[in-house]
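What follows is a single structure, written as structure tokens, with notes after it.
The values are calculated or read from the model by the stated rules, or taken from the named source; none is laboratory data. Because the structure is a prediction, the values reported are computed rather than measured. Reconstructed Cβ throughout: ideal geometry from the backbone, glycine too, with neighbour counts over all protein chains shown.
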Amino acid sequence: MEIRYLSYDAKTVAGLRSGGPDAYGMPAERVVSDGQGNPCRCCLHDVPKGVEMLICAAMPFPSVQPYAETGPVFLCAENCEPWDGQGVPPVLTSSPEYLLKAYNADHRIIYGTGKITQAGELADYAVGLLAREGVAFVDVRSARNNCFQTRIVAA
Ligand SMILES: [Zn+2]
């Protein structure tokens, strides 16, 4: 099975860059990246040291419901090239492990699928989940801080 790693919703990213509200109704904070573990959810590269970035609350789901977790994410403050979906993005190589969870088409967690996964086994675990009946997508989160990183779908 081929899989794709999704860049964060382009319309949401554009709105945040232009000063629009985040998931908590606040404008994004603007800071300068220290170059250490600041993954941009659009290009899926770390924001380089010295480059301005946004910190905002993100809810990577279409509507508010009990499973629509909201948390902090970073974005390049200036326009960047959204990840094209091919191959494991750089932001998923900076930590030894990640939290993966499968969701159904109603954006609800499928219990029993959540697992701290070694970085090198991440793609294989995602493929296994996506092959299961009822799995619509797999979210990748920080195993340390639970921040949303990216979403994996069947290509
Ligand atoms: Zn970026």
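So for region 56-73 (the condition being aliphatic (A, V, I, L, M) and near the ligand (Cβ under 10 Å from one of its atoms)), does at least one residue qualify?
Let us first name the residues in region 56-73 that are aliphatic (A, V, I, L, M), namely 57-59, 64, 68, 73.
Now restrict to residues that are near the ligand (Cβ under 10 Å from one of its atoms): none.
Checking region 56-73: not a single residue is aliphatic (A, V, I, L, M) and near the ligand (Cβ under 10 Å from one of its atoms).
I need a count of the residues in region 72-94 that are outside any loop (DSSP other than H, G, I, E, B) and closer than 26 Å to VAL127 by Cβ. If you could, list the steps in order and put the result at the bottom.
Here is the first cut: in region 72-94, the residues outside any loop (DSSP other than H, G, I, E, B) are 72-76, 90-92.
Then keep just the ones that are closer than 26 Å to VAL127 by Cβ; that gives 73, 90-92.
Going through region 72-94 one residue at a time, the tally reaches 4.
Having 2 or more residues that are more than 22 Å from ALA126 (Cα to Cα), over 15 Å from the mean Cα position of the chain (by Cα) and in the same structural domain as ILE110 (by TED's automatic domain parsing) is the bar; report the strands (runs of 3 or more DSSP E) wholly within region 1-71 that clear it. Let's see the steps before the verdict.
Numbers: elements: 3-6, 29-32, 52-58.
Of the strands (runs of 3 or more DSSP E) lying wholly inside region 1-71, none has at least 2 residues that are more than 22 Å from ALA126 (Cα to Cα), over 15 Å from the mean Cα position of the chain (by Cα) and in the same structural domain as ILE110 (by TED's automatic domain parsing).
Of the residues VAL31, VAL88, VAL64, which is at pLDDT below 95 and among the β-branched types (Val, Ile, Thr)? Even if it seems obvious, please write down each step before you answer.
Values: VAL31 fails: at pLDDT below 95; VAL64 fails: at pLDDT below 95.
Result of the check over VAL31, VAL88, VAL64: VAL88.
Just one of LEU99, LEU122 is without any contact (Cβ under 8 Å) to a residue 60 or more places away in the chain, buried (at least 17 other Cβ atoms within 10 Å of the Cβ) and over 14 Å from ILE3 (Cβ atoms); which is it? Spell out how you get there, then give the answer.
Values: LEU122 fails: over 14 Å from ILE3 (Cβ atoms).
So the residue among LEU99, LEU122 that is without any contact (Cβ under 8 Å) to a residue 60 or more places away in the chain, buried (at least 17 other Cβ atoms within 10 Å of the Cβ) and over 14 Å from ILE3 (Cβ atoms) is LEU99.
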